[in-house]
Amino acid sequence: MERTITVRGVGNISAKPDFIVIEMDITGQSKKYSEALADASSAVEAVCNAAVSAGHSKDALKTINFGVSSEYDSVRNSKGTYQRVFVGYNCSYNTRLSFDFDRDMLERTLNAIAESKAEPELSIRFTVRDDSAVKSALLEAAAENAREKAQILCRASGVELGRLLTVNYDWSEIDLISPTGYAIERASFKQSAVVPDCIEPEDIKVRDTVAFVWEIV
């Protein structure tokens with residue numbers, strides 16, 4: 001019977017954020033489908049022009065989701081019962097603007113968007129441009145950790161580590177987002193968007209595990 005040892009390797013990586021992602025929800029509402037679409041599209045165009053004026057390329061603003069929904073309200077009629085009443089159409093664009101970490105560029109971008117009068121709901125995240133490099137380093141760290149633990153266990157047990165038989169990994173998605181939040185109140189965003197010089201996003205710390213099975217001889 002083949003003797004084996006199974007070890008779970010743990011990788012830990014810390015990465016410095018070097019990329020900014022601004023996601024914006026832009027909407028238009030109207031009782032007419034065409035007007036809701038036109039309002040939302042006009043706001044998207046305004047945000048796109050704002051991005052260009054801040055120094056981004058014309059195709060920098062990406063649409064990641066688009067949808068049109070029908071809005072209804074529940075209204076009580078003269079008989080005391082409630083019925084659904086059509087309110088209008090809601091057209092929404094979910095857009096993304098990504099660029100290398102630069103406080104001045106972030107400030108110019110936010111101010112340009114504020115001046116566009118598009119009034120999008122926005123969120124700002126700090127991440128890394130080359131996520132594949134971070135994920136590769138994380139798996140390498142997990143593999144090194146597993147082999148080190150396997151060798152220690154084998155030495156302590158008076159056996160030798162043999163061939164690697166299997167590797168089990170679930171390929172789950174790794175979230176490479178800095179825990180640093182950047183929130184702007186809508187009222188203050190309309191006035192100005194000054195980015196403090198002291199803003200330094202916290203490093204991204206990620207952890208992953210991989211299971212290895214070796215034969216022991």
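The combined condition, being surrounded by 14 or more Cβ atoms within 10 Å (Cβ to Cβ), touching a residue at least 12 places away in the same chain (Cβ under 8 Å) and not assigned by TED's automatic domain parsing to the domain that holds SER92, is fulfilled by ILE13. In the set (1) farther than 30 Å from VAL206 by Cβ; (2) assigned to a strand (DSSP E or B); (3) modelled with pLDDT under 95, the condition left unmet by TYR89 is number (3). Between PHE19, PHE99, the distinction of being at pLDDT 95 or above and in contact with a helix residue (DSSP H, G or I) (Cβ under 8 Å, 6 or more places away or on another chain) belongs to PHE99 only.
Has the range 71-80 got at least one residue that is among the acidic types (Asp, Glu), on the phi < 0 side of the Ramachandran plot, within 23 Å of the chain's Cα centre (by Cα) and in a strand (DSSP E or B)? So that I can check it myself, show each step before the final result.
Filtering the range 71-80 for residues among the acidic types (Asp, Glu) gives 71, 73.
Now narrow it down to the ones that are on the phi < 0 side of the Ramachandran plot: 71, 73.
Restricting the remaining residues to those that are within 23 Å of the chain's Cα centre (by Cα) gives none.
No: the range 71-80 contains no residue that is among the acidic types (Asp, Glu), on the phi < 0 side of the Ramachandran plot, within 23 Å of the chain's Cα centre (by Cα) and in a strand (DSSP E or B).
For the range 194-206, a tally of residues being in contact with a helix residue (DSSP H, G or I) (Cβ under 8 Å, 6 or more places away or on another chain) and at pLDDT 95 or above returns 2.
Does the range 9-19 contain at least one residue that is among the hydroxyl-bearing types (Ser, Thr, Tyr) and either touching a Leu at 6+ places or on another chain (Cβ under 8 Å) or under 12 Å from SER92 (Cα atoms) (or both)?
Let us first name the residues in the range 9-19 that are among the hydroxyl-bearing types (Ser, Thr, Tyr), namely 14.
Pick out the ones that are also either touching a Leu at 6+ places or on another chain (Cβ under 8 Å) or under 12 Å from SER92 (Cα atoms) (or both) and you get none.
No.
Filtering the range 40-67 to residues that are crowded, with 18+ Cβ neighbours inside 10 Å and more than 20 Å from ILE124 (Cα to Cα) leaves only ALA40. ARG84 meets each of the listed conditions (1) of a type outside the set (Phe, Trp, Tyr); (2) in a strand (DSSP E or B); (3) without any contact (Cβ under 8 Å) to a residue 12 or more places away in the chain apart from (3). Regarding the range 98-115, can at least one residue be identified that is closer than 30 Å to ARG207 by Cα, in contact with a Ser or Thr (Cβ under 6 Å, 6 or more places away or on another chain), assigned to a strand (DSSP E or B) and in contact (Cβ under 8 Å) with a residue 12 or more places away in the chain? No, there is no match, as no residue in the range 98-115 is closer than 30 Å to ARG207 by Cα, in contact with a Ser or Thr (Cβ under 6 Å, 6 or more places away or on another chain), assigned to a strand (DSSP E or B) and in contact (Cβ under 8 Å) with a residue 12 or more places away in the chain.
Checking each residue in the range 68-96 for being within 30 Å of ARG125 (Cα to Cα) and among the β-branched types (Val, Ile, Thr) picks out VAL68, THR95.
The values are calculated or read from the model by the stated rules, or taken from the named source; none is laboratory data. Please read these numbers as outputs of a predicted model, since none were measured by experiment. Positions of Cβ are generated from backbone atoms using ideal geometry, with glycine treated the same way; all protein chains shown enter the neighbour counts.
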